[in-house]
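The values are calculated or read from the model by the stated rules, or taken from the named source; none is laboratory data. Computed from a predicted model, the values in this text were never measured in an experiment. Here the Cβ positions follow ideal geometry from the backbone for every residue, glycine too, while neighbour counts run over all protein chains shown. The accessibility values were calculated without ligands, DNA or RNA, using every heavy atom of the protein model including side chains. Shrake-Rupley method; radii C 1.70, N 1.55, O 1.52, S 1.80 Å.
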Amino acid sequence: QEQFVESGGGLVQAGDSLRLSCVASGSVFFSFNAIGWYRQAPEKERELVASLSSSGTLNTPDSVKGRFTISRDNAKKTAYLQMNNLKPEDTAVYFCNVGRLESVLRADFSSWGQGTQVTVSS
């Protein structure tokens, strides 16, 4: 069973940048799958904030477009989420997952890591 360990979160001020990391282990075929980064704020549903297909196509919602981007190191089974110009509304717990693109877009996974907290102060 695949496992994901997210790290890199913290308390920052508006306008700052952070880079989150996600290390995958287990049975996941990291190189051949899409990557998704998600976030969940208190009392809100988990939302997809960035996806990267196996061919390198990045998709982000309007709320983070131009500010968030994903990169990957297949040899290390590690995905990164670079977040720039952070805003208070970006405050949430951030998660990653890896799988078929359809599953990434629907957040259709049974296994999730513990996430990493990002708090942006104004």
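Here are a few things to note about the model shown:
- Normalised contact order of the chain, rounded percent, pairs of Cα under 8 Å and 6 or more residues apart: 36 percent
- The residues of segment 75-118 expose on average 49 square angstrom of accessible surface per residue, using a 1.4 Å probe on protein heavy atoms.
- With every protein chain in place, the chain: carbon and sulfur % of accessible area (1.4 Å): 47 percent
- Here the Karplus relation 6.51 cos²θ - 1.76 cosθ + 1.60, evaluated at θ = phi - 60°, turns the backbone of segment 40-52 into coupling constants of 9, 8, x, 6, 10, 6, 5, 10, 7, 10, 6, 9, 10 Hz, with x for every Gly and Pro.
- Charged side chains reduced to their Cβ positions (Lys and Arg at +1, Asp and Glu at -1) give the chain a dipole of some 260 debye around its Cα centre.
- For segment 82-99, 3J(HN,Hα) per residue [Karplus equation, 6.51 cos²θ - 1.76 cosθ + 1.60, θ = phi - 60°, Hz, x = Gly/Pro]: 8, 10, 10, 6, 5, 10, x, 6, 7, 4, 4, 8, 9, 10, 10, 7, 9, x
- Normalised convex hull volume, segment 1-62, alpha-carbon set, Å³ per residue: 124 Å³
- For the chain, share of DSSP beta bridges that run antiparallel, in % to the nearest 5: 90 percent
- Formal net charge of residues neighbouring Gln40 (Cβ-Cβ distance under 9 Å; K, R +1; D, E -1): +1
- Full extension of the chain between Lys76 and Asp16 gives 18.9 nm of extra length, using 0.36 nm per residue less the Cα-Cα distance.
- Fully extending the segment from Gln3 to Asp108, taken as 0.36 nm per residue of separation minus the present Cα-Cα distance, adds 36.3 nm.
- Förster-model FRET efficiency, 30 Å R0, Thr119 and Thr57, C-beta, rounded to 0.05: 0.50
- Solvent-free Debye scattering, log10 I(q)/I(0), computed from the Cα coordinates of segment 1-117 at q = 0.09, 0.10, 0.16 Å⁻¹: -0.20, -0.25, -0.66
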